[in-house]
Structure formats: C-alpha cells, structure tokens
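A short worksheet on the structure shown next.
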Amino acid sequence: MSTTSGRPRRATVHDVAVVAGVSRGTISRYVNGDPYVSASARRAIEAAIAEVGYVPNTAARHLVMQRTETIAFIVHEPHSLFIEDPNIGGILLGANAALSEADHQMAVLIVDSERDTERVARYLSGGSVDGVIIVSARAHDPIAGVVERLRLPAAFVGHPPGATSAAFVIIDNRGSARAITEQLVDTGRRRIGMIAAALDRDSGAERLSGFTDALGERYDDALVERVALYSYSAGREGMTALLERAPDIDGVFAASDAIAAGAMEALRAAGRRVPHDVGVVGFDDSAWARRTLPALSTVRQPAEGLGREAAALVLEQLRGDAAPREVLLQSEIVWRESA
C-alpha cells in the first residue's frame, strides 16, 4: 500500500476487514485472542493479514487488556559485576527462555545507586510492566518495598529478610556451604578460613552460617575476611588480607567462584601452591570454576533453573493460577583438583 507522498501506508484493521470480508469487530476479537471467532473467519483473517501486511498495534491492545506482557528483570549489582558474573547471566537467560515461551518480553533494569533506585521505582509505578523478577535484593531493599506497595506479581531469586508477600526461588545456601566445608575439612586441612561476601543478602549470610556450622568449635573469626561483592578483585584482596593475618592458613572456602579465582591468584603471587599448600573451594560452578588452574571444587548452583522458575512463578500469579510460593532447587558439590 502507498500514499501520494510515496511513503508506504501502514495497513489498518479496515484493510484487513475489506479483504477478509468480515467486520472490524470480528478482526478486533481475533487480534485480542477472543475464542468466539469461527474457524472460517480465522482462516480468512489470517490470509488477509498476510496479503495486506497488517501488524497489530500492540500498544492499543495492551491498553485494552490492561497488560503490557513485559516482565522486569531487576538486578541489584554494580554494572561491572553484572558483566563479570556468569551466574547473573545464567539466571537472566533462564528467565528469558521461560518468558519467551509465554510470549512475554523482558526489561532488564540494573540498580547500582540511589538514583537508579528512584528511576526504577518511577518506571515500575508507571505501569510499564506486569510483574518483576528481582535478583540480589538486600535487606530493607527499597525496590522490594515499591513492588509490594504496587502489588505487582513478583518473584525473588533468593529470600531477602523482610520480604514476605512475594514468591521465592532458592537453593539451600547454608546446607551447601556446610557440606563443601566439611569435605574440605576431610582432606586434612586444619587452618581453614573463608572469604565471605554479600552479607547484606540471604545468600552471603547463609553461606557464612554454613561455614560456621561445619567448623563448630574450631571456627575462628580471625580467619574470616568479609568483602562486599562476589567479585574476582574482592577475592584477590580478601586472600591477601587473610595471608597477612594468618600465614599458616591451609584451606579457604570462597563465597563464590569469582572470589575463589581471585584468591587463587593471590596465593600464586604469594608463592603458595594450590592444592598442595592451600586447598580452595568455591560456590556456583560458574565459568570461573572451569577457568582456574587447577580446576575449582565448588557447589553447583542451577543458575538457569533459578531464572526459569522465577519467571514461572511470576507468570503463575499473572494467570491467577497460584498464590506466591517458595520453590527450592537442588544444588550439589562438584569436587575437582583445587582441594
């Protein structure tokens, strides 16, 4: 189709109706998914749409349905860590796959500052999304408060303290941390420390608790170095600090694989051999675990599964199929050469 100016004209519902030989009301019902459209009318409409090149106005359709068919994927991490951490990428890909299968879009939002928080809060309040998936939420997180106030269908990856009305998909961080620390103890290590991270969220706090559980009376707080982020640089700096305080350390549980990789670099720089002098274990079984030399012993966290389940929990709420609930996914120890 063309206009007198030479530019193509966008095909309309009227054009489809003329070619299909049905009313515009029938076209509208078809576009909006109404089941009360006969099979013959559907065939005629589909042929007409292909002939005239009609593309439905999704904005108008969403206005009528009061749905955007978009889910926000909110990550509370620095921008650099969003790129560095393959675990976040796995969660995102899993969520996107589940949303794609349901013909929903994903809007990725990174919260790295107070300004980001205000911007994202305005965006959510404007009705731009139907629901949210939240990764790395902290205790007393303001975005979680906005989501609760707006009564948006939501799912957290993890279970931040104080969040009660949303759905959660989790792993047993505490039990997994305890199990891998116990296996490290079983190798004969006697001075075992931890580089603990992200203690303002459930995953970091629970991994430290699991480490403490495993050591019992042998736990020594002086052998715990607390860092802010699950990052390579935090692991390198944390291991350097631990070696200065406790040069006789012979085992380390790193709160993530990225931290473990940084710790192993610091040990090499200090002339310590892994695993001969110091055994190292991590958490995630991410790409970091397969890049280290020697390969890293770790806990396998099903990142894509966490994302898929979180998306499914939001979609359940949108359909009204279920109230918010908690899903626990299994994790397992993967034992390699680093310990």
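Do the conditions hold for Ile195, that is, is it among the β-branched types (Val, Ile, Thr) and within 17 Å of Ala261 (Cβ to Cβ)? Taking the combined requirement at face value, the residue satisfies it. Across the range 316-339, the qualifying residues are those that are small (Gly, Ala, Ser) and under 22 Å from the mean Cα position of the chain (by Cα), and the one among them that is most open to solvent (accessible area, probe 1.4 Å) is Ala323. When Thr187 is tested against (1) more than 25 Å from Ala312 (Cβ to Cβ); (2) part of a helix (DSSP H, G or I), only condition (2) is not met. When the range 67-89 is filtered for residues that are modelled with pLDDT of 95 or more and not β-branched (Val, Ile, Thr), the ones remaining, listed by number, are Ala72, Phe73. Kindly establish whether Gly216 is under 24 Å from Gly238 (Cβ atoms), in a helix (DSSP H, G or I) and out of contact with any Asp or Glu (no Cβ under 9 Å at 6 or more places or on another chain). Yes: the conditions hold for Gly216. Listed by first and then second residue, the pairs linking a residue in the range 87-107 that is open to solvent by 30 Å² or more (accessible area, probe 1.4 Å) to a residue that is in a strand (DSSP E or B) and of a type in the set (S, T, N, Q), with Cβ atoms under 9 Å apart and 6 or more places separating them unless they lie on different chains, are His104/Thr70; Gln105/Thr70; Met106/Thr70. For the range 180-197, filtered to residues that are more than 12 Å from Val252 (Cβ to Cβ) and of a type in the set (D, E, K, R), the residue that is least open to solvent (accessible area, probe 1.4 Å) is Glu182. Note on the range 108-132: residues that are touching a residue at least 60 places away in the same chain (Cβ under 8 Å) and loosely packed, with under 15 Cβ neighbours inside 10 Å total 1. If you go through the range 28-56 and keep only what is surrounded by 15 or more Cβ atoms within 10 Å (Cβ to Cβ), assigned to a helix (DSSP H, G or I) and within 39 Å of the chain's Cα centre (by Cα), you end up with Ser28, Arg29, Tyr30, Val31, Ile49.
Would you mind stating whether Ala310 is in contact (Cβ under 8 Å) with a residue 60 or more places away in the chain, under 14 Å from Ala98 (Cβ atoms) and out of contact with any Pro (no Cβ under 9 Å at 6 or more places or on another chain)? Answer is yes for this residue. Working only within the range 134-158, note down all residues that are part of a helix (DSSP H, G or I) and not β-branched (Val, Ile, Thr). Hits for the range 134-158 are Pro142, Ala144, Gly145, Glu148, Arg149, Leu150. When the residues of the range 269-292 are filtered to those that are open to solvent by 10 Å² or more (accessible area, probe 1.4 Å) and among the aliphatic types (A, V, I, L, M), the one that is farthest from Gly238 (Cα to Cα) is Ala287. Each residue in the range 156-204 was checked for being touching a helix residue (DSSP H, G or I) at 6+ places or on another chain (Cβ under 9 Å) and under 16 Å from Ala234 (Cβ atoms), and 9 of them qualify.
Condition check ((1) touching a Lys or Arg at 6+ places or on another chain (Cβ under 7 Å); (2) without any contact (Cβ under 8 Å) to a residue 24 or more places away in the chain; (3) open to solvent by less than 10 Å² (accessible area, probe 1.4 Å)) across all residues:
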position: Val157; (1), (2), (3): no, no, no
position: Ala166; (1), (2), (3): no, no, no
position: Asp200; (1), (2), (3): yes, no, no
position: Tyr219; (1), (2), (3): no, yes, no
position: Thr240; (1), (2), (3): no, no, no
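The values are calculated or read from the model by the stated rules, or taken from the named source; none is laboratory data. Not measured: the values here are computed from a predicted model. So basically every Cβ, Gly included, is an ideal-geometry build from the backbone, and we count neighbours across all protein chains shown. Only protein heavy atoms, including side chains, enter the accessible area calculation; ligands, DNA and RNA are left aside. Shrake-Rupley method; radii C 1.70, N 1.55, O 1.52, S 1.80 Å.
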